[in-house]
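The values are calculated or read from the model by the stated rules, or taken from the named source; none is laboratory data. Because the structure is predicted, anything quoted here is derived from the model rather than measured. With ideal geometry, Cβ positions are generated from the backbone for all residues, glycine too; neighbour counts draw on all protein chains shown. All accessible areas refer to the heavy atoms of the entire protein, side chains included, with ligands and DNA or RNA removed. Shrake-Rupley method; radii C 1.70, N 1.55, O 1.52, S 1.80 Å.
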Amino acid sequence: MTTPMTETSRGAVTGGVGDSPVRPDGTLKVTGQFAFSSDLSADGMLWGATLRSPYARARIRGIDLTAALALPGVRAVLTAADVPGAGSYGLEVADQPVLAADEVSYQGEPVAVVAADHPETARRAAARIVVDYEPLPPVTDAEAALAAGDIFRHVPVRRGDAHATAEVVVTGVYQVGMQDQAFLGPESGLAMPTVDGGVDLYIATQWLHVDQRQVASCLGLPVDRVRLYLAGVGGAFGAREDLSMQVHACLLALRTGRPVKMVYGREESFFGHVHRHPALMRYEHGADRDGRLVYVKAHIVLDGGAYASSTPAVVANAATLGVGPYEVPNVVMDAYGARTNNPPCGAMRGFGAVQTCFGYESQMDKLAAALGLDPVEIRRRNAMTTGSVMPTGQVVDGPAPVARLLELVRDRPAPPAASGDPREWPGGVANTTHGESVVRGVGYAIGIKNVCFSEGFDDYSTARVRLEMVGGEPVVLVHTAAAEVGQGLVTLQAQIARTELGVERVVVAAADTTVGSAGSSSASRQSYVTGGAVRAACQAVRDGVLARLGARAGPADGLRLAGGMVVTASGVAVADLAEVLGDDPVEETRQWRHRPTHPLDPRTGQGDAHVQYAFAAHRATVDVDVELGLVRVVEIATAQDVGKAINPQAVLGQIHGGTAQGLGLALMEELRVVDGLVRNPSFTDYLIPTILDVPPMTVDVLELADPHAPYGLRGVGEPPTISSTPAVVAAIRAATGLALSRVPVRPEYLTGAV
């Protein structure tokens, strides 16, 4: 050991775990200077366009490309016959054609792609392609599809006595409409052919390596000749897990030998990505006279649309989480994913738990009314705690503060009555009321969500961390393939590096496939898994630094890095990083996995399928104009356990944003599909909450550490979306006395027009 130096005067490193440093992309995005994927360009670039089916189902009898190829400026027109590798792709099942060959299975399915010198030329050429369609009757009813055997997956869950009886029984049938992720940055990317016969793809995505695997397969190329680089992402919410234009742009680039850019317009974006599964749910809850649940029976049907996408996993989530965060000794649950000719559905924030939460929380309110109990009290009496057993037989071994979260939102002060300002009434500045037909209601809900991938999936992330001297100061370079989709992951990686290595200056490299996979930015998993990988790689770098010091100066036990120094446990500096590192960086790469999960038993649904559970509660206060059917959400109070707030400000942002998305599903967001045809593919007709629709929110954040997670953290992004929807609807029910069994709640439901 070297002789201790004087205590360091450099001070503690700021911006570490538990701080809220400024996001590096924040100012750029606010000022419009951030480069999104749609801003990409290259010398000699061509533009791509896609021809899509106008039918929900039809046979393709022939395709005539003559008129399109004759248009000046057109460089390539490709169909299914031009796909050199596998003709189809998919996240779990490779069932989705790159370009439809014999039959189209949903409206908007790609049939041909065009590359041209100008985007308008490409669009005109696509419109000139003549496809001879023979329309076929589409299957658009999910239950009819199940009856015909068109099933992506059936997950049964059986626990306890299937024939249990109870003193008080309530039943209900509930529906959830098709919600769109509605991200503001439509699908876009740039494909560039390379000298080795491969392709570089700059793309807005959620999962670089799974895109790479699918694209390489369809191109018939080795994976190492398809390189993906994350471009600026304008929101995701699950829709960017699936491929959109990735293969199409690469096909055109390889055929023309020139860079090809593709950018969807808003209407095409609605057709070009998956949506939230519509759901039909039949529930039966039985309880004793004290309000204790005896059994839950449920039959859940999710409409997966034309192709599998992630429907099998969504069905599993709906089944395993379908009774909510409650102790239920007897469960008979069946969840199905149906194949129809509706638009494909897949990942969206909440992933199967959103739909079921609306069902089981509606039932809990119905049960409370039948027993004469307060809505919070019925939930408290049945709330799971640490040690509770899920319907799958899995023990909840982490914190489960369900009752406490409910109490926190219940005990928040009620918002004041409207002051008389028109903006405070339903209808706002339209001045539709002065309060004469307005009633107020308060509703509660709490939800449960799994974190990370489940059912035995090999869920890991990779991080490469390098510590070196640059310009006389220590600098950390962090490189992962984790997609920053707006959630603040870049900031989080830097925070962890600062904490573990005690270095102020951290550079987070752009994500790409030159480093090992980080998995998807979904399932609330990146902070957990990539955070774990960055932490492990940083710890390995620290150990390398200390080993280097120990080789020169003796044992380095009990030392750590802080403020650019090597210090003792008490903070006394013993060496400067500059002298330890010199011109020789320390670099380490680590894969990090969470504890293992296991597949569900296919007959009983039993098994330790999930890594971690997260909980959030909401109290919504609404004013309803019962004559016009207008609703104003006055306030939402929410409480959530986050385990550890790595970045407190980002946590609040996730809770606010997720709650707003749940509010949208409660009141306005629905992609209307009639006979397989989308009727509202625009932001004129597909409504999302604006700043005028989002109410004040109060937030209580608990930090009850999960002993199995890095820093004790718990996934944050999805739980707010899950319970906000049923809370808003419960408040409307309380105000109006109406049953309201479908979301979104339309004005006609409130006025008796339907």
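Express in whole angstrom the spacing between the alpha-carbon centres of region 39-102 and region 680-736.
Measuring centre to centre over Cα atoms gives 38 Å.
Compute, for region 509-588, the length of the dipole vector about the Cα centre, with Cβ point charges of +1 (Lys, Arg) and -1 (Asp, Glu) only. Units Debye, rounded to 20.
Here the size comes out at about 340 debye.
Between beta-carbons, use under 11 Å as the cut-off and find the net charge around PRO710, counting Lys and Arg +1, Asp and Glu -1.
Combined, the nearby Lys, Arg, Asp and Glu give +1.
Binning at 10 Å from 0, report for the chain what percent of all alpha-carbon pair distances ends up in each bin.
Result, from short to long distances: 3, 14, 23, 24, 19, 12, 5, 1, 0 percent.
Given charges of +1 on the Cβ of Lys and Arg and -1 on the Cβ of Asp and Glu, with all other atoms neutral, how large is the dipole of region 134-258 about its Cα centre, in debye to the nearest 20?
With Lys and Arg at +1 and Asp and Glu at -1, about 480 debye.
Kindly write out, for region 578-583 in residue order, the coupling ³J(HN,Hα) from the Karplus curve 6.51 cos²θ - 1.76 cosθ + 1.60 (θ = phi - 60°), rounded to whole Hz, with x marking Gly and Pro.
4, 6, 6, 7, x, 9
Tally Lys and Arg at +1 and Asp and Glu at -1 over the other residues with C-beta under 15 Å from the C-beta of THR311: what net charge comes out?
-4
Under 5 Å between amide H atoms, partner at least 5 residues away or on a different chain: which partners does ASN342 have, H built in plane at 1.01 Å?
Excluding prolines and chain starts, which carry no amide H, the hits are GLY305, ALA306.
Given contacts defined as C-alpha pairs under 8 Å and at least six residues apart, what's the relative contact order of the chain, whole-number percent?
Relative CO of the chain lands at 17 percent.
Starting from the residue with the highest accessible area, list TYR133, TYR202 in decreasing order, probe 1.4 Å.
TYR202, TYR133
Taking amide H atoms as placed 1.01 Å from N in the peptide plane, list the residues 5 or more away in sequence, or in a different chain, whose amide H sits under 5 Å from that of GLU635.
THR621
Dipole of the chain, Cα-centred, from +1 at each Lys and Arg C-beta and -1 at each Asp and Glu C-beta, to the nearest 20 debye?
Result for the chain is approximately 200 debye, rounded to the nearest 20.
Beyond 19 Å, what percent of the Cα pairs of region 416-478 remain?
Pairs farther apart than 19 Å: 69 percent.
Taking the alpha-carbon centroid of each part, what is the distance from region 199-223 to region 121-163 in angstrom?
Taking the Cα centre of each part, region 199-223 and region 121-163 sit 26 Å apart.
According to the square roots a ≥ b ≥ c of the eigenvalues of the Cα gyration tensor, what is the shape class of region 327-419, taking rounded for a/c under 1.5, prolate for a/b larger than b/c otherwise, and oblate for the remainder?
Because a/c hits 1.5 or more and a/b fails to exceed b/c, region 327-419 counts as oblate.
Of VAL470, MET281, LEU702, which is farthest along the charge dipole of the chain in the positive direction, counting Lys and Arg as +1 and Asp and Glu as -1 at C-beta?
Positive-end residue among those listed: MET281.
Under the Karplus relation 6.51 cos²θ - 1.76 cosθ + 1.60, θ = phi - 60°, what is the ordered set of whole-Hz ³J(HN,Hα) values for region 352-367, x standing for Gly and Pro?
Each residue's phi maps through the Karplus curve to give x, 7, 5, 4, 5, 4, 4, x, 6, 6, 4, 5, 5, 5, 5, 5 Hz.
List the pairs from LYS29/LYS261; LYS366/LYS644; LYS297/LYS449; LYS366/LYS449 whose alpha-carbon separation is above 26 Å, in the order I gave them.
Table pairs above 26 Å Cα-Cα are LYS366/LYS644.
Once ligands and nucleic acids are excluded and a 1.4 Å probe is used, how much of LYS297 is accessible, expressed in Å² to the nearest 10?
70
Taking a 1.4 Å probe, which of ASP693, ASP211 shows the most accessible area, and what order do the others take after it?
Ranking ASP693, ASP211 by accessible area, largest first, yields ASP693, ASP211.
Of GLN591, VAL633, ALA650, whose Cα points farthest to the positive end of the dipole of region 587-653 (charges on the beta-carbon: +1 Lys, Arg; -1 Asp, Glu; origin at the Cα centre)?
Comparing the listed Cα positions along the dipole, GLN591 ranks first.
Rounded to the nearest 500, what is the chain's calculated 222 nm mean residue ellipticity when only DSSP H runs of at least 4 contribute -39500 (n - 2.57) each, over all residues?
-7500 deg cm²/dmol
Could you run the Karplus curve 6.51 cos²θ - 1.76 cosθ + 1.60 with θ = phi - 60° over region 526-534 and give me ³J(HN,Hα) per residue in whole Hz, x for Gly and Pro?
Calculated HN-Hα couplings, in order: 5, 4, 5, 8, 6, x, x, 5, 5 Hz.
Relative contact order of region 207-277: what whole-number percent is it, with Cα pairs under 8 angstrom and at least 6 residues apart?
Taking the mean separation of contacting Cα pairs over the length of region 207-277, I get 30 percent.
Using the alpha-carbon centroid of each, what span in Å lies between region 513-585 and region 358-429?
After rounding, the separation between the Cα centres reads 43 Å.
Any idea which of TYR202, GLY393, ALA533 is furthest toward the positive side of the dipole for the chain, if Lys and Arg beta-carbons carry +1 and Asp and Glu beta-carbons -1?
The residue sitting farthest along the positive end of the dipole is GLY393.
Where does each of PHE34, PHE457 land when they are ordered by accessible area, with a 1.4 Å probe and the largest first?
PHE457, PHE34
Collect residues whose amide H, placed 1.01 Å from N in the peptide plane, falls under 5 Å from the amide H of ALA76; neighbours closer than 5 in sequence don't count.
Long-range HN contacts for ALA76: ALA115.
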